[in-house]
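To start, the structure itself, in structure tokens.
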Amino acid sequence: GAEVLFSVDCTKLGEHFLPGKREFDRIYFNFPHCGRKAGVVKNRQLLARFFHSCTEVLAQEGEIHVALCNGQGGTPADQPRREWHNSWQIVAVAAGAGFILSHVHPFKAEAIEGYKCTGYRSQDKSFCVEGALNHVFTRSTAPLCFTPLSCKTQLGGQKVSFQVPQVLMDKINRGFLEENSSNPVRTIKEKLSAGLSQVFPLQNTSSCLPLLHEGHPRGVCHSNIFWITLSPGEAPSTEKMSRELADTVLFSHFGQDTDKNAQERCPVPQQFYLRPSLLPHAQAIIKKRAFSLGAIQVLSGPVFRKCRITPHSMPVFHEMLIVLAVTRGTENSCIQMLVEKIKTTLNSLHQGVSGVKPTISLQKATSFGTELNDFAAFEWQLDEIQHFLCVGTDPDPSGSCVGVIRTAPDEFKSHELVVVSFSLNLDLLAMLLCGISDWRMLWTLDRRFLRQFPGGELRLFKPFSLYPPSYVHDVSFWLPDGEEFDEVAFHTLARRVSGEMVVSIQLRDNFQQAGTGRRSLCYRVTFQSCDRALGGREAAEMQLRLREEIQQHLGVTLR
């Protein structure tokens, strides 16, 4: 009952099917080959033209199945695996046409009735299919198109708007914590809140917390801040700002500014910036005594921090801040109860997902040493930390810092009360509990991610983009005379230029020229996507733009 067409050119599929007959659910290409003794380069070219041709006739959620002999694909699924340059590089070739590898499984010729492999060197001879693999490709989401985005927020008692930094355009107002969200970040927040409410009366205070702060944050490195300029004519009045500031505690209350050049680098006096923490809002609650003794206040929302590029370093994440006021002398026992309930909840969640009990430990701040991850290192700048909460799972049982416990600064202490705050990184918790290896996956626009968590149910995440290709480029440049290089600014530029497609930046060489004393740095930049197709040509274009941007914005001289 099937329709069979002959003499179909696999590189021109659109020419063989009328527009009404182009929505194929599956396209199979078993053991493609140019014929005779064609080398790997010609066969890559064949596959590239085939995949581009498939874009015209494949349904939106259709699949392309390509069977290859063992070793040809060049992926870790091949056993043994060929060297990359000697393989067909099928994942990179498909990525150039907008496809990602979603499944790989053995090709079983015996399971296909009447199937016979033939065509060895263009002859009626069979070839070895032992260890052959079937590669299943699906469409990737389209590349992000960044257009200027304006965001409104409350500041100084009035609504203001500002232009969102490009690196955050796809992350602002995503609604992860809203009631109808099925994102695992919200599930973890709700489960923790429910667990804590069994021990302490609980009040959620998460609505309408302003995204912007005003002033100069002391104790926080200025290169970690997203500075914001309000839209023209929208700066709040001085009188309104004064009233707002009277009810808000700014970062200037925390620690001392150890950055000697901070004032010079802060662009404009009274600059505005995206909130890097919810802690000032908690301090405002404490200052106004807007809490009940023995009750928990829970604040939650996204916070924004410039940081270096690593799989667990996030320029934006969802913070859950727990504030508890207790009678002096009972603080240790209350902290212990709080920690035990959080441990119990996390143990239950992780065992429900993977069946394995995680390692959860509380470590004193004084003994944590230099093992701080970026989240903990930033929190350390805010001072007053007593303990770090670490969660360890396979393959890192030693643990990653996901939370900090701190007591209120001296100016908020009284003879009768002690106020304790507990800050948790919900995104890190979601990654650890659901086995998500890359923070970027939490922010993907691909619907296949949230489909794995129906109704907010926590499950082990199964990647839908397997063995994504990576592209390595080096960039070297001379530094301006007498100036230190701002590495965080460099990483932030790479995030912006690539649309979060840079997965690693490593310093390869630090050279000082004899006689002149000029310094040169060489960095290795690795481009790789975790959720969408990234081709070699696109990565090369990103590298060229990155070179232009660092020369323009960081004042370096390219080599």
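The values are calculated or read from the model by the stated rules, or taken from the named source; none is laboratory data. All figures in this text were calculated on a predicted structure; none of them were measured in a lab. Heads up, the Cβs are rebuilt from the backbone with ideal geometry, glycines too, and the neighbour counts pull from every protein chain shown. Surface accessibility is based on the protein's heavy atoms, side chains included, excluding ligands, DNA and RNA. Shrake-Rupley method; radii C 1.70, N 1.55, O 1.52, S 1.80 Å.
Structure notes:
- Based on C-alpha pairs under 8 angstrom that are at least 6 apart in sequence, the range 13-139 has a relative contact order of 29 percent.
- P(r) histogram, all alpha-carbon pairs of the chain included - 20 Å bins from 0, percent: 18, 46, 28, 8, 0
- For the chain, the residue among Phe490, Ile385, Cys128 whose Cα projects farthest onto the positive side of the dipole built from Cβ charges is Cys128.
- Residue among Leu58, Gln45, Val104 farthest towards the positive dipole end of the range 13-139, charges placed on Cβ: Gln45
- One chain, two ends: Asn173 and Ala77. Fully extended at 0.36 nm per residue, the span grows by 30.7 nm beyond their Cα-Cα distance.
- The range 13-139 pair-distance distribution - Cα-Cα, 10 Å bins, rounded %: 13, 43, 36, 8, 0
- For the range 471-558, size of Cβ-based charge dipole, Lys and Arg +1, Asp and Glu -1, in debye: 220 debye
- Accessible carbon and sulfur surface of the range 13-139 relative to its total accessible area, %, 1.4 Å: 49 percent
- Here Lys189 is the anchor, and the lysines within straight C-alpha reach of less than 27 Å, apart from those fewer than 8 places off in the same chain, are Lys152, Lys171, Lys287, Lys288, Lys306, Lys341, Lys343, Lys357, Lys364, Lys462.
- Descending by average beta-carbon neighbour count within 10 Å, the peptides 332-345, 179-192 line up as 179-192, 332-345, the highest first.
- Multiplying the residue separation of Thr344 and Glu56 by 0.36 nm and subtracting their alpha-carbon distance yields 98.4 nm.
- For the range 501-511, 3J(HN,Hα) computed residue by residue from phi via the Karplus equation (6.51, -1.76, 1.60; θ = phi - 60°) reads 9, 8, 9, 7, 10, 10, 6, 9, 7, 10, 10 Hz, glycine and proline entered as x.
- Heavy-atom surface analysis with a 1.4 Å probe gives the range 471-558 a carbon and sulfur content of 43 percent of its accessible area.
- For the range 491-517 versus the range 104-169, the inter-centroid distance based on Cα atoms is 29 Å.
- Relative contact order of the chain, taken over Cα pairs closer than 8 Å and 6 or more residues apart, is 13 percent.
- Positive-end ranking of Phe146, Thr330, Leu362 along the dipole of the chain, with charges on Cβ about the Cα centre, is headed by Phe146.
- The range 471-558: relative contact order as a whole-number percent, Cα under 8 Å and 6+ apart: 41 percent
- Per residue value of the accessible surface for the chain (all protein chains in place, 1.4 Å probe), Å²: 49 Å²
- Peptide packing for 66-74, 139-147, 346-354 was compared via the average number of neighbouring C-beta atoms within 10 Å per residue; ordered from the highest value, the list is 66-74, 346-354, 139-147.
- Virtual paramagnetic centre 7 Å along Cα→Cβ of Arg518, amide N under 13 Å, in the range 469-510: 477-482
- By the Cα gyration tensor, the range 99-152 has an equivalent ellipsoid whose semi-axes, rounded to whole angstrom, run 44, 13, 8 from largest to smallest.
- For chymotrypsin sites (Phe, Trp or Tyr not before Pro), the sites in the range 17-87 that DSSP calls loop and that have at most 15 other Cβ atoms within 10 Å are Phe17.
- Normalised Debye scattering of the range 471-558 at q = 0.11, 0.22, 0.25 Å⁻¹ gives log10 I(q)/I(0) of -0.31, -1.06, -1.31, counting only Cα atoms as equal scatterers and leaving out solvent.
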